[in-house]
C-alpha cells in the first residue's frame, strides 16, 4: 500500500519542529482558560463536528484513528478522491486556524 500524502500544512509542522516539546499542562491550561474544563475526547468530538462540514463520517473516523487503515482502504478509499480529501482537510484546517486566531 502506498503511503498517504500528509494532511497537515507544512508551516505549523515546521514551527513545531523548531521549538522544544510542548508542555501539555500549559496547553491544557490555555484551552481551559478559553473554553473551560475540557477532556481530550470532547476536543476530538468538537473537531469531528467541525470537520463534518468538509468530510464524510468515514473520512473523519479514519483521520481520528477510529477505524483501521485496512477497513478504510477496503470499504471507503477511492484513489480518485484522495487528492480531494487532502484539499478538503487542509481547507478545514485553514478555517479552524482562522477561528482560533
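The values are calculated or read from the model by the stated rules, or taken from the named source; none is laboratory data. The structure displayed is predicted, hence computed values, not measured ones. When we count neighbours, we look across all protein chains shown, and the Cβ atoms used for this are built from the backbone with ideal geometry, even at glycine.
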When the stretch 42-66 is checked residue by residue, the ones that are assigned to a helix (DSSP H, G or I), touching a residue at least 24 places away in the same chain (Cβ under 8 Å) and over 23 Å from residue 28 (Cβ atoms) are 59
Can you find a residue that is loosely packed, with under 13 Cβ neighbours inside 10 Å and modelled with pLDDT of 75 or more anywhere in the stretch 73-85?
yes
Within the group 60, 93, which residue is surrounded by 12 or more Cβ atoms within 10 Å (Cβ to Cβ), touching a helix residue (DSSP H, G or I) at 6+ places or on another chain (Cβ under 6 Å), modelled with pLDDT of 80 or more and closer than 21 Å to residue 35 by Cβ?
60
